[in-house]
Amino acid sequence: MKAIQFKSFGSPDVLELVELPRPACPEGSAIVQVRSSSVNPSDVKNVAGSFGKTTLPRVPGRDFSGMVVEGPASWVGADVWGTGGDIGFTRDGSQAEFLMIPVAALVRKPESLSHEQASAIGVNFIVAWLGTIDYARLLEGETLVIIGIGGGVGGAVAQIAKARGCRVIGVDRAPPPADSPASRLIDEWLLFDDSMAKRANELTKGGADVVFDAVGGIAFEPALHMAKHRGRVVEISAVGKRRVEFDLIDFYHNETQLFGVDSAKLGVVESAPIMECLELKFSKGVYQPPLIAQRFPLEAARQAYQAVASGANGRVVVNI
């Protein structure tokens, strides 16, 4: 089968188009013929060597959509989707013609989504779901500030929050694209600058119930200042710097709750229950698929990674 593989860490230039044996299908497993696989910033970081758990050589790719071609009879022919923090890291990933995963990881793809659209959901919505639903426990009618609203995770958070009847305030260096789901859902938008915390507190009259910081690092301290008394702050990244400083006395006086979210710790099996919840939401039209900014064939996967590394405005998909 054709696959993209990296045998050493580095820039997208280390990615090679190779021929590999089609994976075997041991008991308890299934073979998915991959139709589409999106490229996430974490995939680029994985190729660069930012994840200590990754073993080489490796086929990258966390998110996928395709059809089961081997495995239990009840699944053969079914269109499925998924994601996991193990595929592409400790086991071969989705940027190949075929992918072997445990049967317990199989989740039917929403019929309303194309394979391209379905492949662009996984990581972003898993992180968003963990942060808003499982950790911060966002409630109906609460106010949520999203730092990095224009990114894939920020847009997913906006959809989850709005479906819960929440007020959404978006913060970024530019408004989200006009035709993106996030642009239709935010109630107010703020420019990412030195005064954003002050303006957010003015809009919320004292702070937000939840602050979802998809930027981190340079945005960490302002995010803390945007939370109301006993508000919740969710952190998923560390852009610009990984070590931060903040006023500890202000932090504990405000009784802020701080949550770190790492979706890479959820393997493809552990991610399946969330993907099942997402399948229901997308099938009912509650959530909308993100914009696909660029499409590449498998043979041009290196260019897809370069596009993501350069900050593509929208999702980047590899079609197989």
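Once the Cβ-Cβ distance between R108 and H229 is put in as r, and R0 is 35 Å, what FRET efficiency do you end up with, to the nearest 0.05?
The value I calculate is 0.20.
Taking the Cα-to-Cβ direction at L258 and at E276 and moving 7 Å from each Cα, how far apart do the two end points lie in nm?
Distance between the two pseudo-spin positions: 3.5 nm.
If each residue of separation counts as 0.36 nm, what is the full-extension length gain between I218 and E202 once their alpha-carbon separation is subtracted?
3.6 nm
Report the relative contact order of the chain, percent, no decimals, based on alpha-carbon pairs under 8 angstrom and at least 6 residues apart. Numbers along the way, then the final one.
Values: 781 pairs, mean separation 65.4, N = 320.
With pairs under 8 Å counted, the relative contact order is 20 percent.
Roughly speaking, to the nearest percent, how much of the chain's 1.4 Å accessible area is carbon and sulfur?
51 percent
Indicate the gyration tensor shape class of the range 120-212 (rounded, prolate or oblate), computed on the Cα atoms with a ≥ b ≥ c the square roots of the eigenvalues: a/c under 1.5 is rounded; otherwise a/b larger than b/c is prolate and the rest oblate.
oblate
Counting only C-alpha contacts under 8 Å and six or more residues apart, can you give the relative contact order of the range 192-320 as a whole percent? Provide the component values of the computation, followed by the final result.
Working: 165 pairs, mean separation 20.8, N = 129.
Relative contact order comes out at 16 percent.
Compute the signed sum of charges (Lys and Arg +1, Asp and Glu -1) over the other residues within less than 14 Å, Cβ to Cβ, of K241.
So the environment of K241 carries a net charge of -2.
For the range 267-320, which trypsin sites (Lys or Arg not before Pro) are both in a DSSP coil and crowded by at most 16 other Cβ atoms within 10 Å?
Listed in order of number, the matching sites are K284.
Suppose all protein chains stay in the model; what accessible area per residue would a 1.4 Å probe give for the chain, in Å²?
Details: 13620 Å² over 320 residues.
Ligands and nucleic acids excluded, the result is 43 Å² per residue.
What value, in deg cm²/dmol to 500, does the helix sum -39500 (n - 2.57) over DSSP H runs of n ≥ 4 give at 222 nm once divided by the residues of the chain?
-7500 deg cm²/dmol
Taking only C-alpha pairs under 8 Å that are 6+ residues apart, what is the relative contact order of the range 85-156 in percent?
That works out to 22 percent.
Output the pairs from K45/K265; K198/K228; K45/K162; K45/K241; K205/K281; K228/K265 with a Cα-Cα distance over 22 Å in this structure; if there are none, say none. Working shown, then result.
On the way: K45/K265 15 Å; K198/K228 12 Å; K45/K162 30 Å; K45/K241 15 Å; K205/K281 32 Å; K228/K265 30 Å.
Listed pairs above 22 Å: K45/K162; K205/K281; K228/K265.
Using unit Cβ charges (K, R positive; D, E negative) and no other charged atoms, how large, in debye to the nearest 20, is the dipole of the chain about its Cα centre?
About 100 debye.
Taking 7 Å along the Cα-to-C-beta vector as the label spot, tell me the L17-K45 distance in nanometres, rounded to one decimal.
2.9 nm
The values are calculated or read from the model by the stated rules, or taken from the named source; none is laboratory data. Computed from a prediction, not measured in an experiment: that's the story for all the values here. Don't worry about glycine lacking a Cβ; one is built from the backbone with ideal geometry, like all the others, and counts go over all protein chains shown. Protein only, heavy atoms only, side chains kept; ligands, DNA and RNA dropped before computing areas. Shrake-Rupley method; radii C 1.70, N 1.55, O 1.52, S 1.80 Å.
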